[in-house]
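Following: one structure in structure tokens, then a few remarks.
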Amino acid sequence: MDEIFAGRIDIRMITKIRLFYLIVRQLGLNWLLYRIYYSLALKLGLLRRQCPSGNWDEISRLRLKNGNVAHWSDYELSVTEERLSTVGASLRGESRVILNAEEILRGQFCLFAYHKSDVGFPPRWDQNPFTGEVIESDRHWSLIDDFSKGDVKCVWELSRFDWAFPLIRAFARTKEIKYFDGFSLLLEDWMRCNPPNVGPQWKCGQEVALRVRVLYFASIGFMQQLLDDDKAKSQLADLMAVSAARIEKNLSYALSQNSNHVHTELLGLLIAGLTFSSSRMGNRWVKLFEKHIRKAVTELNFESGGCCMYSMNYHRMMLDCMVMMVSVARNFNYSLPEILHERLGQAADLLYELMDFTNGQVPRFGSNDGAYLLPLSDAEYHDFRPLLQSLFWATSDQRSLGRGAWNEALIWLGATQKELMQHEVVSCPKQQEFLDASDSGFISIRKGDLQMCVRAGPQKCRPGHLNQLALLLKWKGQDVFVDPGTYSYNAPAPFDHLFKETSLQNTAFVDKFSQMKKVSRFLSLPWLGSNITSSSANSVKLKFEGFPEIAGGVEHSRSIVWSDDGVVVEDLIESKVNATHGIHWLLPHFKGKEIGNGCFRFWDSNIEVQITVEGPDGSEVKYICESANGRWGYRSRYYNQVEPAISIVGVAEQARCSRFKTVIKLFTPSVK
């Protein structure tokens with residue numbers, strides 16, 4: 001999906017020589033040479049020869065000829081109604097699973113963990129369910145443009161096979177054959193409409209790998225039915241084998257991205273390799289996994305617990321991949337490198353400190369495309385407790401969130417009865433009041449009912465949101481300052497800014513520019529980090545230097561002081577030339593009013609917030625909801641969803657040095 005060398009780079013404000021210099025400096029000469037090669041390979045048709053089109057009958061004959069027999073009967077996992085009852089699945093929870101499965105059989109699918117859409121049964125796989133746009137499905141994937149027909153992610157969504165999870169979980173509870181029949185019909189129709197390497201569903205190796213992870217759980221949940229149904233068994237095996245071959249042939253592209261794509265595609269190779277371990281192809285896929293996994297988790301998962309994406313949802317995606325690697329390895333009696341377990345333990349420590357245990361939410365920084373790899377419980381999309389509990393299980397951590405819906409995931413991952421019993425009891429030590437995890441991109445602050453998280457630290461990998469020093473704030477579990485989220489990666493105006501720009505974050509901005517120069521849809525340069533200059537028991541000071549499109553650059557210093565029921569933030573913005581300096585705060589869609597002199601009051605049934613912004617002489621402070629240009633006064637909590645929010649914007653025109661002071665006071669409403 002990267003657009004470098006695809007003809008769309010905006011070089012109006014930067015020369016080609018400067019651009020290449022920055023690319024080499026940030027991504028390396030090998031990366032640049034590889035992308036030039038990849039662009040030529042696309043144009044010359046090399047990828048069509050490496051990943052040839054085919055039909056499923058040929059694939060099936062070839063697979064059987066090469067001894068590619070799936071070892072599903074060797075699985076040690078057993079997911080039964082009795083085992084599910086041991087984790088305390090309530091009647092409400094059980095009926096919810098079955099309700100979701102019944103909706104799918106009626107043609108109503110849930111997209112991006114939010115949108116309920118009547119798309120038919122089976123749906124049309126090459127159509128964007130939101131716009132009706134259709135991407136040509138009769139061409140080799142290398143000939144299809146990602147963004148020529150709107151947002152390709154919307155076309156890919158149904159083909160991630162997330163609809164299989166409710167069917168699998170409902171069958172485990174009821175043993176009603178209609179759920180297996182529904183799964184088999186959808187799988188058969190998808191394969192009929194998407195021959196090997198033909199159409200948009202084969203375009204992205206990560207999307208291919210996401211289907212493999214579903215096939216693995218389907219082979220567990222429907223094991224006996226697959227063993228008794230040769231046609232369904234053969235179809236599932238064919239799709240898994242072709243998918244692994246597709247990942248293998250273009251793995252170098254995923255590796256060049258240095259992102260969550262690496263973990264996902266390596267997971268696909270591990271699953272297929274161990275499933276077909278009696279064949280040469282299967283052994284080759286396992287060896288390919290072994291060749292790259294140590295480097296991937298060493299470089300892309302940080303010692304302080306974070307990951308390269310600086311996004312909490314992509315962080316979950318990476319960790320779900322790694323937890324699933326542990327599950328698959330245990331199921332096949334395969335040993336993973338110790339560094340993977342070490343990084344999972346470090347991730348558990350960070351996630352533990354960031355989490356609100358009342359609802360499982362974590363600070364929602366960064367890109368959020370709706371990905372949820374292991375929806376194996378009734379937990380809501382933004383609830384990270386299933387992941388944290390799974391991390392405790394995968395690393396034999398003695399901590400536990402106790403009994404809850406999230407424990408169903410442990411059964412599907414392969415927890416023993418002894419392990420399940422251990423996780424029935426709550427064991428949650430007190431969280432730290434101040435955590436410097438800036439190496440992973442975050443600082444966590446707690447004081448009584450107050451929880452804050454600051455985006456800070458070195459920028460070691462490609463940034464998503466351009467949000468250094470951005471602040472998220474909660475009080476008594478209630479969001480106060482929020483991240484704008486991700487609406488769409490290819491949205492029409494007025495939301496075509498992707499919610500990434502600095503002026504939309506809870507930080508300082510200068511003119512219309514962002515902290516780093518955007519040179520393509522998914523790449524900004526140079527990668528600029530921030531640092532902590534001092535800290536105490538109730539304060540922290542930070543500094544960022546950037547905005548390369550402003551002559552001489554800009555320095556932004558932020559000071560944060562907190563107490564149980566309030567926060568004071570001071571921002572100093574200094575530029576070498578006259579420019580518009582500004583500060584932005586984004587809040588949920590509270591009721592509110594302007595009191596005057598930069599003071600505002602907002603409330604709902606649970607909280608009252610008073611915010612006062614003091615700027616330099618001549619500055620203006622505005623309260624905006626749903627601006628006409630689509631920038632201020634919006635947020636996106638789910639992909640392809642946008643909702644009203646409140647922006648407070650302070651602006652100083654033609655300034656070189658501006659100081660803004662924001663005072664936040666928090667109250668419990670006197671009358672509800």
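Taken together, the values in this text are just the output of simple stated rules run on the coordinates, not laboratory data. Since the structure is predicted, the reported quantities are computational estimates derived from the model, not experimental observations. Ideal geometry is used to build each Cβ from the backbone, glycine not excepted, and the neighbour counts take in all protein chains shown.
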Practice prompt. Mind jotting down the distance between the C-alpha centroids of segment 286-307 and segment 517-555, whole Å?
Written response: 27 Å
Discussion item. Just want the answer: with Cβ charges of +1 for Lys and Arg and -1 for Asp and Glu, which residue in Ile646, Ser427, Phe365 is farthest toward the dipole's positive end in the chain?
Written reply: Phe365
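What dipole magnitude, in Debye to the nearest 20, does the chain give about its Cα centre under +1 on Lys/Arg Cβ and -1 on Asp/Glu Cβ?
Working: 77 positive and 76 negative charges, 280 e Å.
In debye, rounded to 20, the chain gives about 1340.
Calculate the dipole size of segment 234-374 relative to its Cα centre from +1 charges on Lys and Arg beta carbons and -1 charges on Asp and Glu beta carbons; express the result in debye to the nearest 20.
On the way: 12 positive and 13 negative charges, 119 e Å.
With Lys and Arg at +1 and Asp and Glu at -1, about 580 debye.
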Discussion item. Explain nothing, just the number: relative contact order of the chain, from Cα pairs under 8 Å at least 6 residues apart, as a whole percent.
Written reply: 10 percent
Discussion item. Expected output is a single nm value to one decimal: the length gained when fully extending between His589 and Asn606, i.e. 0.36 nm times separation in residues minus the C-alpha distance. What is it?
Written reply: 4.8 nm
Discussion item. Compute the distance from the alpha-carbon center of segment 193-226 to that of segment 23-49, in whole Å.
Written reply: 27 Å
Discussion item. Can you show me the helix-derived [θ] at 222 nm for the chain, built from DSSP H runs with n ≥ 4 at -39,500 (n - 2.57) apiece and divided by the number of residues, rounded to the nearest 500.
Written reply: -11000 deg cm²/dmol
Discussion item. From the phi angles alone, apply the Karplus equation (6.51, -1.76, 1.60; θ = phi - 60°) to segment 18-27 and give each ³J(HN,Hα) in whole Hz, x where the residue is Gly or Pro.
Written reply: 5, 4, 4, 4, 5, 4, 5, 5, 8, 10
Worksheet, complete the sentence: Sorting Phe547, Ser440, Ser530 by the position of each Cα along the dipole of segment 434-667 (Lys, Arg +1; Asp, Glu -1; all at Cβ), the one nearest the positive end of that ordering is Ser440
Fill in: Fully extended contour minus Cα-Cα distance, from Glu626 to Glu58, at 0.36 nm per residue
199.0 nm
Discussion item. Please list, by residue number, everything in segment 49-71 whose backbone N is under 16 Å from a paramagnetic label point 7 Å out along Cα→Cβ of Leu143.
Written reply: 49-55
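With an 8 Å cut-off on Cα pairs and a minimum separation of 6 or more residues, tell me the relative contact order of segment 434-667 in percent.
On the way: 627 pairs, mean separation 44.8, N = 234.
Relative CO of segment 434-667 lands at 19 percent.
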Item to complete: Read phi for every residue in segment 203-219 and hand back ³J(HN,Hα) as whole Hz from Karplus 6.51 cos²θ - 1.76 cosθ + 1.60, θ = phi - 60°, with x for Gly and Pro.
Response: 5, 10, x, 5, 4, 4, 5, 5, 5, 4, 5, 6, 4, 4, 5, 5, 5
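Provide the FRET efficiency to the nearest 0.05 for the Glu614-Phe495 pair, computing r from the beta carbons and using R0 = 25 Å. Don't skip to the answer; put the middle values down first.
Numbers: r = 31 Å, r/R0 = 1.25.
Calculated value: 0.20.
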Worksheet, complete the sentence: Sorted by number, the cysteines in the chain with no other cysteine beta-carbon under 4.7 Å are Cys51, Cys110, Cys154, Cys193, Cys204, Cys307, Cys321, Cys428, Cys453, Cys599, Cys625, Cys657
Discussion item. With the cut-off at 31 Å, tell me which of the pairs Lys153/Lys175; Lys474/Lys593; Lys518/Lys622 have Cα atoms farther apart than that.
Written reply: Lys153/Lys175
Fill in: For segment 220-265: rounded, prolate or oblate by the Cα gyration tensor [a/c cutoff 1.5]
oblate
Practice prompt. Order the peptides 535-548, 216-229 from the highest to the lowest mean number of other Cβ atoms within 10 Å of their residues.
Written response: 216-229, 535-548
Worksheet item: Can you tell which of Ser520, Met223, Ala113 lies farthest toward the positive end of the dipole of the chain, using +1 and -1 charges on the Cβ of basic and acidic side chains (Lys, Arg; Asp, Glu)?
Response: Ser520
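Order 43-55, 625-637 from most to least packed using the mean count of other Cβ atoms within 10 Å.
Numbers: 43-55: 13.9, 625-637: 18.1.
My ranking of the peptides, most packed first, is 625-637, 43-55.
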Worksheet item: Quick one: putting +1 on the C-beta of Lys and Arg, -1 on the C-beta of Asp and Glu, what dipole do you get for segment 434-667 around its Cα centre, in Debye to the nearest 20?
Response: 420 debye
Discussion item. How many angstrom lie between the Cα centre of segment 320-378 and the Cα centre of segment 452-493?
Written reply: 20 Å
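Find how much the distance from Lys665 to Glu303 grows on full extension, using 0.36 nm per residue of separation minus their present alpha carbon separation; answer in nm with one decimal. Display every interim value, and only then the final one.
Working: separation 362, 0.36 × 362 = 130.32 nm, distance 3.57 nm.
Taking Lys665 through Glu303 to full extension adds about 126.7 nm, to one decimal.
Could you tell me whether segment 564-672 comes out rounded, prolate or oblate from its Cα gyration tensor? Rule is a ≥ b ≥ c as square roots of the eigenvalues, rounded for a/c under 1.5, then prolate if a/b exceeds b/c, otherwise oblate. List each step's numbers first, then the result.
On the way: a/c = 2.25, a/b = 1.36, b/c = 1.65.
Because a/c hits 1.5 or more and a/b fails to exceed b/c, segment 564-672 counts as oblate.
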Worksheet item: Under 14 Å Cα-Cα from Lys517, which aspartates and glutamates qualify once same-chain neighbours fewer than 8 residues away are excluded?
Response: Asp10, Glu501, Glu545, Glu549
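Please work out whether segment 434-667 counts as rounded, prolate or oblate from its C-alpha gyration tensor, where a ≥ b ≥ c are the square roots of the eigenvalues and a/c under 1.5 means rounded, while otherwise a/b larger than b/c means prolate and anything else oblate? Write out the running numbers ahead of the final one.
Working: a/c = 1.24, a/b = 1.13, b/c = 1.10.
Rounded is the answer for segment 434-667, as its axis ratio a/c remains below 1.5.
Can you work out the FRET efficiency for the pair Asp229 and Cys599, with r the C-beta to C-beta distance and R0 = 51 Å, to the nearest 0.05? List each step's numbers first, then the result.
Numbers: r = 68 Å, r/R0 = 1.33.
Approximately 0.15, to the nearest 0.05.
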Fill in: Phi-based couplings in Hz for segment 500-509 (Karplus 6.51, -1.76, 1.60; Gly and Pro marked x)
9, 4, 4, 5, 9, 8, 8, 7, 8, 9
Worksheet entry | Computed FRET value (nearest 0.05) for His71 with Lys116, which takes r as the C-beta separation and R₀ as 30 Å | 0.20
